[in-house]
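Here is the structure we will look at, set down as structure tokens.
No value in this document is a laboratory result; all are computed from the given coordinates. Note that the coordinates shown come from a computational prediction; the quantities given were computed from them, not determined experimentally. Don't worry about glycine lacking a Cβ; one is built from the backbone with ideal geometry, like all the others, and counts go over all protein chains shown.
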Amino acid sequence: MSQSLIPANPEAVSLDWSSTALLIIDMQRDFLEAGGFGEALGNDVSFLQAAVEPCLQLLSAARERHVLVLHTREGHRADLSDAPDLKVNRGPLHQRIGAVGPMGRILVRGEPGHDLIAALYPIAGEPIIDKPGKGAFYATDLQALLTNRGIKTLIVCGVTTEVCVHTTVREANDRGFRCVVVGDACASYFPEFHEVGLRMIAAQGGIFGWVTSSKAVLHSLKVSLKKS
Ligand code: TIU
């Protein structure tokens, strides 16, 4: 596929789809559905629904155009040995990481709540990055997977904008990956944090990357396919 120019903030971004991957952050039941970690933290999980359809459109288009798709999941080992005390020992006992909730043990790998939502379920060949932290590079093999496939640019979407999306974008930026964040395909429990989080990425000439829309990315994929 060829070079593509995508309208974005703070300026249009030029990318080559053959060295670009779609990175979908933490679209897990624990964050998007009632009874999971997001709700245990006191949030209204319905705010995150806005990101589902744009993520699905990006995912479908990426699959159709054979663009690498990677999914991340935040979660911990069953014995919680990879979870810092400060992350576990907070809030009421029955709502903590590892406690049994309606979707199994909260934020524990292998439990129903830890899984990705059905609408965006990975297919064979799409790597899943299990991460213990907010950032997708911390304590994972994501950097190796990207480097070994020659990926230089990441189209980033998922939840939550100012937490796991932001942390991942910052980590990626420091490692030399160009991040194009799809604003409407991200969401937060706090609409104002979502807005400001996106502005922070694009401010100062794009200090952490670019911010665009799913419409712009979908158009670029469509045009690139025609040219290739
Ligand atoms: N709490 C919150 O907004 N987010 C997280 O804890 N994890 C992610 O963002 N995935």
Checklist entry - Using the Kyte-Doolittle scale, which helices in the chain average at least -0.5 and also have C-alpha atoms spread 15 Å or more along the helix axis, with helices defined as whole DSSP H runs? => result 52-64, 191-206, 214-227
Checklist outcome for this item: Binned at 10 Å starting from 0, the alpha-carbon pair-distance distribution of the stretch 55-166 in whole percents comes out as 12, 41, 33, 12, 1
Next on the checklist: As a quick test, which of the pairs LYS131/LYS152; LYS152/LYS215; LYS87/LYS215 have an alpha carbon distance above 29 angstrom in this structure?
Outcome noted: LYS87/LYS215
Next on the checklist: Can you give me the long-range amide H partners of ILE6? Hydrogens built in the peptide plane at 1.01 Å from N, cutoff under 5 Å, separation of 5 or more residues or another chain.
Outcome noted: VAL13, SER14, LEU15
Checklist entry - Between rounded, prolate and oblate, where does the chain land on the alpha carbon gyration tensor, with a ≥ b ≥ c its root eigenvalues, rounded for a/c under 1.5, else prolate if a/b exceeds b/c? => result prolate
Checklist outcome for this item: When MET200, MET27 are arranged by how many other beta-carbons sit within 10 Å of their Cβ, fewest first, they go MET200, MET27
